[in-house]
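Report on the structure given below.
The values are calculated or read from the model by the stated rules, or taken from the named source; none is laboratory data. These numbers come from a predicted model, not from an experiment. Cβ: placed from backbone, ideal geometry, glycine included. Neighbour counts: every protein chain shown. In case anyone asks, the SASA skips ligands and DNA or RNA and just uses the protein heavy atoms, side chains included. Shrake-Rupley method; radii C 1.70, N 1.55, O 1.52, S 1.80 Å.
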Amino acid sequence: MASSSFALPSLKLQFPTHKSSSSSRNKYSSSLQPIKSSVSEKPPYISSPGISPIQSKPTKLPIRKVPGDYGLPLVGPWKDRLDFFYNQGRDEYFKSRIQKHQSTVFRTNMPPGPFISFNPNVVVLLDGKSFPTLFDTSKVEKKDLFTGTFMPSTELTGGYRVLSYLDPSEPNHAKLKKLLFYLLSSRRNAVIPEFHNSYSELFETLENDLATKGKAGLNAANDQAAFNFLARSLYGVNPIDTKLGTDGPKLIGKWVLFQLHPLLILGLPKVLEDLVIHTFRLPPALVKKDYQRLYNFFYENSTSILDEAERTGISREEACHNLLFATCFNSFGGMKIFFPNMLKWIGRAGVKLHTQLAQEIRSVIKSNGGKITMGAIENMQLMKSVVYESLRIEPPVASQYGRAKRDMVIESHDAAFEIKEGELLYGFQPFATKDPKIFDRSEEFVADRFIGEEGEKLLKHVLWSNGSENESPSINNKQCVGKDFVVLVSRLLLVELFLRYDSFEIEVGASPLGASITLTSLKRASF
């Protein structure tokens, strides 16, 4: 994401990638096994003299003091905020400090700083070796750190701290995460057909715009398709047939702005923008009516899920606020950001890759009797690699935070650093997933990077889901409940796209959340 330190996390609903039979009941069906959540049991860490309480053996790397400082109170964080947003920009902010300190681990301040967050001091982890520390809940606490050094008002979530802000040690974390597992499990058979229905409508809209205007904006159309898909597949309702109509994406956008404005650039004059959206919180009361409309929609259309919540000891009200957040912030936000970003990289790759994807997708679907199933999708090796490469090169979650539970040692490739209990750790994921010591041609979009045995080994370094791609979410970790779901819907987008079109051309612009895509050409399939 070009202009924000925090990208919306991807979908928080798990959809396991089990293979399905080609003899599914219809073209867009899938046969799926029930979702299971697992609990990882870890032995306690035992401290020994000269050994970090977190490490099982002494480090072989030189121990180095974490370089960098935070500057003067108020002044240092404010200056760093200006550098981050305006003077340098996000990527240069980190690159310049890596160069200055000759280290991928250093101290600095993260926005927004005063007067929204009064303790913006962090230890930054910017390489693929140190970054995964942020996933280990035996080492770090994740309480109230979803958006980093500040937490939005709970008035924006019905007065509740929703799942994203809970640490696994809190009792409600397991209950709410299980509820989201249950939601997707109960609706698993609707995902593939409803994606087809919603995105067929999207492509028809884009084609009409191209025919009448000569170009078509993807983002707004994708927003509507994504919301329609999530409502139809997860709640069995078409928003257009309700009081919400087509207002869902607009209401969500306004509500999310009130949560993330301290981390965004909206394109206002620099002085005005920094004062209005980076220095003070916007009043939640201004979006209260909009949020209530969304809440009413979810409450009226999630009866069976709310019944399940009550059976597990969660009030219907708290459950509904969590369903709204998981669907609108996590799931919708993920599709809003990642789909345009993925198409940006594929569009830039050109006709050769488009042709290869179209041939693979059509060949597999044809051999599967014309049916789109989970099993068929698993056989599309290039398409799967393209999705993983898109998640690697521009992950939809840019930032991760964790607070050290105890004194420990963190290793980069070159040195080891002593971290004190209570220090806030921050990782900027695009640097970790483009670590040149892990990925060859790390700054390039390599479509077939994850094909074959060696390619599959690299999946452990794909970290978009708040965990490694070869690990699974459980009630004991903070990995995305929807790790498999986001991969599935991203694959479905490419399947639907290249079944319909041979190639496409785009123009790319910037937006506060990800890329802004304008389609200038859609070449209909030639078969």
### Task
Answer yes or no as to whether F150 is within 30 Å of L493 (Cα to Cα) and surrounded by 19 or more Cβ atoms within 10 Å (Cβ to Cβ).
no
### Within segment 118-132, considering residues that are in contact (Cβ under 8 Å) with a residue 12 or more places away in the chain and assigned to a loop (DSSP other than H, G, I, E, B), the one farthest from the chain's Cα centre (by Cα)
N119
### Query
From the set of residues in segment 55-93 that are aromatic (F, W, Y) and in contact with a Phe, Trp or Tyr (Cβ under 6 Å, 6 or more places away or on another chain), which is surrounded by the fewest Cβ atoms within 10 Å (Cβ to Cβ)?
Y93
### Query
Looking at segment 268-281, which of its residues are open to solvent by 10 Å² or more (accessible area, probe 1.4 Å) and either without any contact (Cβ under 8 Å) to a residue 60 or more places away in the chain or hydrophobic (A, V, I, L, M, F, W, C) (or both)?
L268, P269, V271, L272, L275, V276, F280
### Task
Sort through A220, A211, A225 and tell me the only one that's under 23 Å from the mean Cα position of the chain (by Cα), at pLDDT 95 or above and open to solvent by 20 Å² or more (accessible area, probe 1.4 Å).
A220
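Results for (1) within 17 Å of G422 (Cα to Cα); (2) in a helix (DSSP H, G or I); (3) in contact (Cβ under 8 Å) with a residue 12 or more places away in the chain, shown as yes or no for each residue.
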residue	(1), (2), (3)
L134	yes, yes, yes
R161	no, no, yes
S164	no, yes, yes
D167	yes, no, yes
N172	no, yes, yes
### Task
Name every residue in segment 106-134 that is more than 30 Å from L275 (Cα to Cα), in contact with a strand residue (DSSP E or B) (Cβ under 9 Å, 6 or more places away or on another chain) and open to solvent by less than 30 Å² (accessible area, probe 1.4 Å), in order of residue number.
D127, S130, F131, T133, L134
#### Entry: Enumeration of residues in segment 387-422 that are assigned to a loop (DSSP other than H, G, I, E, B), out of contact with any Pro (no Cβ under 8 Å at 6 or more places or on another chain) and open to solvent by less than 50 Å² (accessible area, probe 1.4 Å)
S412, G422
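So, N228, is that one assigned to a helix (DSSP H, G or I), in contact with a strand residue (DSSP E or B) (Cβ under 9 Å, 6 or more places away or on another chain) and within 28 Å of L519 (Cα to Cα) or not?
no
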### Complete set of residues in segment 174-195 that are open to solvent by less than 10 Å² (accessible area, probe 1.4 Å) and among the polar types (S, T, N, Q)
none
